[in-house]
Amino acid sequence: YSSFRYELTPWLKYGEEENVVAVKVDNSAQPNSRWYSGSGIYRNVWLVKTEKVHVGQWGVTVVPDGLQRVDVVTTVENCSTKEATVFVTTEIFELDFHGNKAGQRAKGLQAPRNVIAMFVAPGASQSQKEVQMSTEPLRPWSLEQPNRYVAVTKLEVDGKIVDEVETPFGLRSIQFTKDNGFLLNGERVPINGVCNHHDLGALGSAINVRALR
């Protein structure tokens, strides 16, 4: 389940011929255990197209500090041959329970939005932290009320929006205590579950409900 990403730009032939991108898994060079490990591709494969100046892979980190401050760290990559002046803006919106943007900014968050100027050297990446302050507490995520937000980060270069990234997040506190078990937002929550491995031995990795039971 390791996620990985390759930069394809040097090998693409623009306008010359059809490009074929093949993604394969080959684990024949390593020893296997327990008959058959079921190796393969289990998640989506994405072809990501960006401008030369863009938000890096997993380049937006949202770190809540209590319920009235959110730190947003953005990493910008510059794959061009000259220094780029990049203006970074972030807005935070509420999400509905289906994960769709509710269309309004999170209540109490600063307005107007912050604009941060970054100077990124050619072939380099740079990170910058932005602080979003709220005048009233944001709503924490819980089992009963799964409140979530989304940070919308935009990069502007030479008056043009070159990238936009949405980063969903929620705010919660978790604790494991020796006397009171697991606490979510300070309240005890029993944990129920199973140890569900992706492994059915010689039956392979395709889900077999009867064998799993």
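All of the numbers you see were taken from the coordinates with simple rules; none came from a lab. Model, not experiment: these values are computed from the prediction.
3J(HN,Hα) couplings calculated from phi for the range 14-19 with the Karplus curve 6.51 cos²θ - 1.76 cosθ + 1.60 (θ = phi - 60°) are, in sequence order, 6, x, 9, 7, 5, 9 Hz; Gly and Pro show x. By the rule of a C-alpha distance below 18 Å, with chain neighbours fewer than 8 residues away ignored, the aspartates and glutamates paired with LYS52 are GLU7, GLU77, GLU83, GLU156, ASP158, ASP163, GLU164.
Straight-distance candidates among the aspartates and glutamates for linking to LYS160, with alpha-carbon spacing under 15 Å and chain neighbours fewer than 8 residues away dropped: GLU51.
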